[in-house]
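The structure appears below as structure tokens.
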Amino acid sequence: MNLEPEYREGLDQLAVHYKEVLALLGEDPSREGLEKTPMRVAKAMQVLTRGYTQDARKVLTAALFEEKYNQMVIVKDIDFFSMCEHHMLPFFGKVHVAYIPNGYITGLSKIARVVDIFSHRLQVQERMTQQIKDCIQDTLKPLGVMVVVEAKHLCMQMRGVEKQNSITTTSDFSGAFNQAKTREEFMNLIRPK
Ligand SMILES: [Zn+2]
């Protein structure tokens, strides 16, 4: 089978397994409404995990620009959708990134791209936060970087484990952001007015 570019190896096999899953859940996979579901799910899952085949560091190293600007650069409200690795259910929300350049900056869209790559994998919010921070730190080598992630987890909300609408916030930082004053400056700037 010729794969469309957004799909990868194993697609047919995935669909076979999802058909089995449907039967195990008590469904009739041959009824009309479900006939194409296994392949649809297989394709959706491959898209939602496409980050495994993408290299976030390469995205940044390919888009470094020399620049003397050394004030805080902030990219806030980057929407993301990911899936928790414990239940394979969505968690989603916003990522805010700040860094203080040390000779190099990158395109703002590239930061969003990095978020997209790490979120399109099975994740825990804490690790995703750290991976985004590490990726920016390792490639741009800024004076400091801070990442804040605010998310709702459907695995908690749908199962009633947490109050509806509760938001989980995680953050990670390096360098200049070890100073409380610098972190505060960033937190004030991303706080909804
Ligand atoms: Zn979960």
Problem - Number of positions in the stretch 154-173 that are in a loop (DSSP other than H, G, I, E, B), more than 16 Å from the ligand (Cβ to nearest atom) and in contact (Cβ under 8 Å) with a residue 40 or more places away in the chain - result: 0
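Away from the ligand (no atom under 16 Å from the Cβ) and without any contact (Cβ under 8 Å) to a residue 40 or more places away in the chain: does that describe Leu140? Lay out the reasoning, then the answer.
Values: away from the ligand (no atom under 16 Å from the Cβ): yes; without any contact (Cβ under 8 Å) to a residue 40 or more places away in the chain: no.
Against the criterion (away from the ligand (no atom under 16 Å from the Cβ) and without any contact (Cβ under 8 Å) to a residue 40 or more places away in the chain), Leu140 does not qualify.
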Completion exercise
When every residue in the stretch 178-193 that is closer than 16 Å to Val149 by Cα and not basic (Lys, Arg) is compared, the one surrounded by the fewest Cβ atoms within 10 Å (Cβ to Cβ) is Pro192
Exercise for the section: Among the candidates Ala112, Ala176, Ala151, Ala98, single out the residue that is within 16 Å of the ligand (Cβ to nearest atom) and either outside any helix (DSSP H, G or I) or modelled with pLDDT of 95 or more (or both). Expected result: Ala151
Handout entry: Tabulated pairs, the stretch 81-94, first free of Cβ contacts under 8 Å to residues at least 40 places away in the same chain and on the phi < 0 side of the Ramachandran plot, second in a strand (DSSP E or B) and more than 6 Å from the ligand (Cβ to nearest atom), C-beta under 9 angstrom, 6+ apart or interchain
Key = Phe81/Pro90; Phe81/Phe91; Phe81/Phe92; Phe81/Gly93; Glu85/Leu122; Glu85/Gln123
Exercise for the section: Inspect the stretch 152-169 for any residue being in contact with an Asp or Glu (Cβ under 9 Å, 6 or more places away or on another chain) and under 17 Å from Val73 (Cα atoms) and give the result as yes or no. Expected result: no
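Which of the residues spanning the stretch 179-193 are basic (Lys, Arg) and assigned to a loop (DSSP other than H, G, I, E, B)? Show your work before the answer.
First pass over the stretch 179-193, keeping only residues basic (Lys, Arg): 181, 183, 191, 193.
Arg191, Lys193, listed by residue number.
The values are calculated or read from the model by the stated rules, or taken from the named source; none is laboratory data. Worth saying up front: this structure is predicted, and the values here are computed from it rather than measured. Positions of Cβ are generated from backbone atoms using ideal geometry, with glycine treated the same way; all protein chains shown enter the neighbour counts.
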